[in-house]
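Input: a single structure, listed below in structure tokens.
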Amino acid sequence: MADGPDRHGGPVRQHAVEQHGAPGPDPYAVREDWLATGKIYGADRTYGPESAENYRRDLGQLTPDGYSLDLIKLADWRLARDTAARAAVPFDRPPPPLGWIPFAGPLIWEATPLHVDTWLNQWKTGAARSRARRRAALYAFYEHARTWRIVPGNPVTAIRPPATSDLPRRITLTLREAGMLRSAADLWATPRDRLLLYLLLARLRPGQVCGLHIDRTYPEQHRTVSRVPVKGGWFDRTPWEWPPEAVEALNSYRPHRAHRQPHSGPGTGPLLTSRYGKPLTADTEPRRVVRSVAELHPGLAHLAPRLTADGVSLSPSPFADDDLEQPARPGGRGAASSGEPGRAPVGPPGDQRRRTLPSSPRTKAATIPATSDAPASEAGATIGMTDA
């Protein structure tokens with residue numbers, strides 16, 4: 001490998017990134033078809049954007065021009081290791097873990113349970129739930145491939161899911177603690193954050209709260225209703241009725257709502273916006289608001305560091321008349337969705353199995369040949385690879 005290579009296109013990239021070379025369909029095309037189709041053919045929903053992005057990262061990320069990002073990171077790690085060795089400088093940084101597709105390489109459609117277990121063990125200090133998610137992603141990926149008759153069986157079936165029953169669960173609030181959070185929102189939160197907390201306390205999930213649109217929120221006789229987003233980019237067919245307390249918070253927030261084209265307008269776009277009129281990020285902003293407000297209340301300060309927006313939305317609502325009459329969460333399992341998708345609905349299986357997927361290689365993603373002096377734990381020692 002030449003000295004002084006360019007990180008984004010020099011000798012490292014020319015040496016490290018090769019054609020994938022796996023026989024059969026392109027695994028990246030199979031992955032995208034799986035994520036677009038969902039778990040079951042004919043289902044009304046597909047994976048949400050957050051889940052789809054996590055599964056893409058688990059199976060292998062690509063740069064916009066079709067290179068494997070995992071392999072580029074591994075090439076950078078090898079360059080840093082070799083540079084440190086030439087300079088006689090200690091180098092103890094572990095190799096970056098690879099996504100499944102670049103890890104498996106040409107054996108992607110011939111993988112065995114031993115290969116899967118070796119891949120999962122790349123993360124030595126990972127949480128059990130993260131391992132469970134990676135296993136679940138890979139299992140669903142191979143189930144989709146098996147449906148297309150790409151593989152005869154699922155190599156992940158023999159790998160037992162990790163036991164997580166003894167781990168700390170997601171914190172939920174008691175009815176009294178939910179009332180404390182409501183009180184903290186009234187005292188210390190901004191109008192936008194107060195409305196966000198009220199919607200979580202009304203049992204909307206964080207993605208639903210950030211997905212509410214101001215033009216889909218309207219008064220209807222004696223009540224205020226909204227079309228609530230559900231999984232798959234659809235909207236719940238049944239309008240969701242706002243609790244009167246949340247309506248008051250909504251009216252207090254309206255004069256302070258920021259909007260800026262092209263992200264939002266005075267009467268269009270997301271209901272909850274940033275100071276620049278952009279939609280809020282569902283996986284970070286609600287959690288930040290919940291913790292920053294909860295830590296100000298003496299009764300919630302000990303819970304604040306581990307409290308999540310999902311935990312608040314799964315807690316008893318202080319807006320119910322009593323603990324036995326908790327409001328139903330919109331968009332639950334089996335809920336009807338409207339004909340206003342964020343993406344095309346999935347049709348029945350029928351002729352779908354006769355669709356063709358592009359054959360490999362479609363991208364420039366491939367495995368990097370392992371060097372003979374690489375440690376056994378190095379992620380570059382990819383299954384089925386030989387020395388260059």
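Read through the list (1) more than 24 Å from TYR47 (Cα to Cα); (2) surrounded by fewer than 16 Cβ atoms within 10 Å (Cβ to Cβ); (3) not basic (Lys, Arg), then give the number of the only condition that PRO161 fails.
(1)
Restricting to segment 51-71, name every residue that is touching a helix residue (DSSP H, G or I) at 6+ places or on another chain (Cβ under 6 Å) and either polar (S, T, N, Q) or in a helix (DSSP H, G or I) (or both).
Passing the criteria: ALA52, TYR55, ASP58, LEU59, GLN61, THR63, SER68, ASP70, LEU71.
Being at pLDDT below 95, hydroxyl-bearing (Ser, Thr, Tyr) and out of contact with any Lys or Arg (no Cβ under 8 Å at 6 or more places or on another chain) narrows it down to one of SER274, SER292, so name that one.
The match here is SER274.
Tell me, which residue of segment 273-320 that is among the basic types (Lys, Arg) and part of a loop (DSSP other than H, G, I, E, B) is nearest to GLN261 (Cα to Cα)?
Among residues in segment 273-320 that are among the basic types (Lys, Arg) and part of a loop (DSSP other than H, G, I, E, B), the one nearest to GLN261 (Cα to Cα) is LYS278.
Those residues that are crowded, with 16+ Cβ neighbours inside 10 Å and at negative phi, I need them from segment 50-68; list them, please.
Within segment 50-68, ALA52, ASN54, TYR55, ARG56, ASP58, LEU59, GLN61, LEU62, TYR67, SER68 meet the criteria.
Residue by residue, here is whether (1) at pLDDT below 90; (2) out of contact with any helix residue (DSSP H, G or I) (no Cβ under 6 Å at 6 or more places or on another chain); (3) at positive phi holds:
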residue: ILE101; (1), (2), (3): no, no, no
residue: ALA104; (1), (2), (3): no, yes, no
residue: TRP123; (1), (2), (3): yes, yes, no
residue: TYR142; (1), (2), (3): no, yes, no
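Which of the residues that make up segment 208-258 are aromatic (Phe, Trp, Tyr), farther than 13 Å from TYR198 by Cβ and surrounded by 13 or more Cβ atoms within 10 Å (Cβ to Cβ)?
TRP234, PHE235, TRP240
Taking ALA189, is it closer than 30 Å to SER264 by Cα and of a type in the set (Gly, Ala, Ser)?
Yes.
Within segment 69-112, can you find the residues that are over 18 Å from PRO23 (Cα atoms), among the small types (Gly, Ala, Ser) and surrounded by 14 or more Cβ atoms within 10 Å (Cβ to Cβ)?
ALA75, ALA84, GLY99
So, in segment 72-130, how many residues would count as being more than 21 Å from ARG160 (Cα to Cα), of a type in the set (Val, Ile, Thr) and either part of a helix (DSSP H, G or I) or touching a residue at least 60 places away in the same chain (Cβ under 8 Å) (or both)?
2
Given the conditions (1) within 26 Å of the chain's Cα centre (by Cα); (2) within 25 Å of ALA136 (Cβ to Cβ); (3) aliphatic (A, V, I, L, M); (4) modelled with pLDDT of 90 or more, and given that ALA43 satisfies all but one, which numbered condition is not satisfied?
Here ALA43 meets the rest and fails (4).
The values are calculated or read from the model by the stated rules, or taken from the named source; none is laboratory data. All figures in this text were calculated on a predicted structure; none of them were measured in a lab. A quick note on method: Cβ atoms are made from the backbone with ideal geometry, for glycine too, and the neighbour counts reach across all protein chains shown.
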